[in-house]
Amino acid sequence: MCRKWRQALLAAATIAMAALTAPALCAAETEADAEITAEATADEAAADEATADEAAADGATADEAAAGAALSADSTFGIIGALPEEVSLLCEEMEDMTTVHQSDMDFYVGTLGGAQAVVVYCGDGKVNAAMCTELLIAGFDCDAVIFTGVAGSLSADVHLMDIVISTETMYDDFDESPIGYEVGQVPNLDVLRFTADDTLVAAAQQACESLDTDSEVFLGTIATGDTFVDSDELKTKIVDLTGALCAEMEGASVGHVCYRNDTPYVVIRTISDNADDEGGATFTELLSEAAANSARIVVEMLESLTA
């Protein structure tokens, strides 16, 4: 075979071998590229996850900061009692006080415990408490609401002159169960119980410890209804429904309005009676003392919250 033919054959063979090996080389290169891409994607995913974690941490920090900033030395506190006896001590302690008369209520505006405060007694019952709370938030720009006063014990463990701080409140007499709602549930609300603000609850608890009273302090549910509870039958019914530690006539209305306004609140009650057949007589006897006990806690709270 002549030299030219040998060279041609060798060239053809080389081309054929290249054609045969090219797919394998491409596949290997593709596989390598895929591995590199997968590794890069995994690295990017890990980086994204780290970024997400950092963002979540930053978000949590921001939420914590917002929660802390929600109540500060510049906050204005709305303080409600149902009866004059429940706010009289607060008014005595108030500095630079002015009075604003609105909706047949006197709102006492000034400084209390170092904080800007608006003190008012609203009158008995849910409607009075709800109207007053809305006025404090919308009319006086209050950043938080504290309800102070007395209540009837629903628990054998909670005695006269003991203190109950709300972790939540709920209605004990609102009933649309025939049309599918739970007893106590207000239609078109996504909650049955109105959760009290953690910062305010902790401040109230700390205030009780600072005052070093002889009273026992309880945290739990407070039941609200437009009835003065003075019978064992009604008392048992409310306990079975709510599991509450005490009963009163305003707290859940305050919680309800604060929930709708995204405003922190807490209810502080000193026990004036046992919500039994002797409840009326005991209430009358202990009202002033029990009311003053709750009021002192409020002042101590404000001093700590604005320190």
Worksheet entry | Selection within segment 229-263 - among the aliphatic types (A, V, I, L, M) and farther than 19 Å from G123 by Cα | L234, I238, V239, L241, A244, L245
Discussion item. Please determine whether any residue of segment 128-140 is more than 25 Å from T199 (Cβ to Cβ), surrounded by fewer than 20 Cβ atoms within 10 Å (Cβ to Cβ) and at pLDDT 95 or above.
Written reply: yes
Worksheet item: Given the structure, is V191 within 25 Å of D143 (Cα to Cα) and open to solvent by less than 60 Å² (accessible area, probe 1.4 Å)?
Response: yes
Discussion item. Checking I297 against (1) within 18 Å of the chain's Cα centre (by Cα); (2) open to solvent by less than 30 Å² (accessible area, probe 1.4 Å): exactly one of these is not met. Which one?
Written reply: (1)
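Taking L241 as the residue in question, decide whether it is assigned to a helix (DSSP H, G or I), over 18 Å from the mean Cα position of the chain (by Cα) and under 20 Å from D190 (Cα atoms).
yes
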Item to complete: Go through T242, T213, T227, T169 for me and flag whichever is touching a residue at least 12 places away in the same chain (Cβ under 8 Å), within 17 Å of V150 (Cβ to Cβ) and surrounded by 21 or more Cβ atoms within 10 Å (Cβ to Cβ).
Response: T169
Fill in: Subset tally (residues that are surrounded by fewer than 24 Cβ atoms within 10 Å (Cβ to Cβ) and within 26 Å of V145 (Cα to Cα)) for segment 259-287
9
Worksheet item: Given the conditions (1) touching a Phe, Trp or Tyr at 6+ places or on another chain (Cβ under 7 Å); (2) free of Cβ contacts under 8 Å to residues at least 12 places away in the same chain, which single one is not true for V158?
Response: (2)
Item to complete: Go through (1) modelled with pLDDT of 95 or more; (2) of a type in the set (D, E, K, R); (3) more than 20 Å from F218 (Cα to Cα) one by one and return the number of the condition E289 breaks.
Response: (3)
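The values are calculated or read from the model by the stated rules, or taken from the named source; none is laboratory data. Because the structure is predicted, anything quoted here is derived from the model rather than measured. All Cβ positions, even for glycine, are placed from backbone atoms using ideal geometry, and neighbour counts span all protein chains on display. Surface accessibility is based on the protein's heavy atoms, side chains included, excluding ligands, DNA and RNA. Shrake-Rupley method; radii C 1.70, N 1.55, O 1.52, S 1.80 Å.
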